[in-house]
Amino acid sequence: MRVLLADDQAKVRSALRLLLEHQPDLEILGEAVDATGLLDWVKAAHPDLVLLDWELPGPPAITLLPQLRAHQPDLRVIALSVRPEASQAALEASADAFASKGDPPEVLVAAIEACRKQKRCESKLDQLTA
């Protein structure tokens, strides 16, 4: 699974990278520090998954998600925030999952695995219906 990290804080991106580089079958494509950079990365690299800071600088994430999916409809997005109350807004805006930045790392790993399984299921369905 090809992953893009999107957070304006270098420490958060570094921590995410350290966590994910030890996960099997995950490839970190790059990092974005704002919404414009994220859109450019998605257009160019076609990641399978974006770990999205819900407070990423630029247009609000609630309007950013449709733009991302316009370029890549099957993109999975896990919203991240220090504000647990952002969960409802993120999920209502069509994020595939939400993890609080204060959660233990296992929570994010489980969310990534859920997205990976969902993608596998859709890929198998596509093969069966092709």
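The values are calculated or read from the model by the stated rules, or taken from the named source; none is laboratory data. In this text, all values refer to a predicted model and were calculated from it rather than measured experimentally. As a convention, Cβ positions derive from the backbone with ideal geometry for all residues, glycine included, and neighbour counts pool all protein chains shown.
Structural remarks
- Matching residues, the range 1-42, being part of a strand (DSSP E or B) and of a type in the set (Val, Ile, Thr): 3, 28
- Exactly one residue out of 60, 66, 73 is surrounded by 11 or more Cβ atoms within 10 Å (Cβ to Cβ) and either at pLDDT 90 or above or hydroxyl-bearing (Ser, Thr, Tyr) (or both): that is 60.
- Residues of the range 18-43 that turn out to be within 19 Å of residue 113 (Cβ to Cβ) and exposed (fewer than 14 other Cβ atoms within 10 Å of the Cβ), as a count: 6
- When residue 11 is tested against (1) surrounded by 13 or more Cβ atoms within 10 Å (Cβ to Cβ); (2) without any contact (Cβ under 8 Å) to a residue 40 or more places away in the chain, just one condition goes unmet, and that condition is (1).
- Meets criteria (farther than 15 Å from residue 5 by Cα, touching a residue at least 24 places away in the same chain (Cβ under 8 Å) and of a type in the set (Asp, Glu)) for residue 34: no
- Restricting the range 56-97 to residues that are more than 17 Å from residue 34 (Cβ to Cβ) and β-branched (Val, Ile, Thr), the residue that is farthest from the chain's Cα centre (by Cα): 82
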